[in-house]
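Notes follow once the structure below has been shown.
The values are calculated or read from the model by the stated rules, or taken from the named source; none is laboratory data. From a predicted model like this one, the values you see are computed outputs, not experimental measurements. No Cβ is skipped: glycine too gets one built from the backbone with ideal geometry, and neighbour counts run over all protein chains shown. Ligands, DNA and RNA are excluded from the accessible area calculation, which covers all protein heavy atoms including side chains. Shrake-Rupley method; radii C 1.70, N 1.55, O 1.52, S 1.80 Å.
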Amino acid sequence: MSSYSDSPVERSHAGASSLSGTQWWNARRHRYNVALIVAGIVAFYCYVGALEYRCANVPGADVTVFTTAVQGIVYLVAMGVANVCYQLGPALERFVGPEGRARYRKWAFTAGLTFSVFLPFAIPLMTLTMGCGPGERYL
């Protein structure tokens, strides 16, 4: 079995093409959300490291309990938006013929998951490359 067909819903069916779009995508939503949570935590630690490396001498550029809580709440909202965008998978599947459905599902899920996992790393990458703003003093 491939990594895309290990959910209990799919094991009870003959194959991925026999599932409705909603069943197929819902069977993967938990995996998608776990990946987003892990990516968010790792990206936050990368951000803290980038902030410490690039912005140690910038007044006010620090991580506090308050900023951590705010960023956590913002990330949860972003996860909600990502889950709304996740619905594009089954919505666009209607335009794919039955012969291409399995290939579309695999491609769309992989592409969407990859994009969603790498997106949180944009902030630490921008911090590393652009610094912390006009108050930054280079080392």
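The table below gives the values:
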read-out: Of all residues making up the stretch 38-74, the number that are touching a residue at least 40 places away in the same chain (Cβ under 8 Å), open to solvent by 60 Å² or more (accessible area, probe 1.4 Å) and among the hydroxyl-bearing types (Ser, Thr, Tyr); value: 1
read-out: Selection count where residues are closer than 16 Å to Ile123 by Cα, in contact with a helix residue (DSSP H, G or I) (Cβ under 7 Å, 6 or more places away or on another chain) and not in a helix (DSSP H, G or I), scope the stretch 62-108; value: 1
read-out: Filter pass, Leu113 being under 16 Å from Gly40 (Cβ atoms), modelled with pLDDT of 90 or more and not small (Gly, Ala, Ser); value: yes
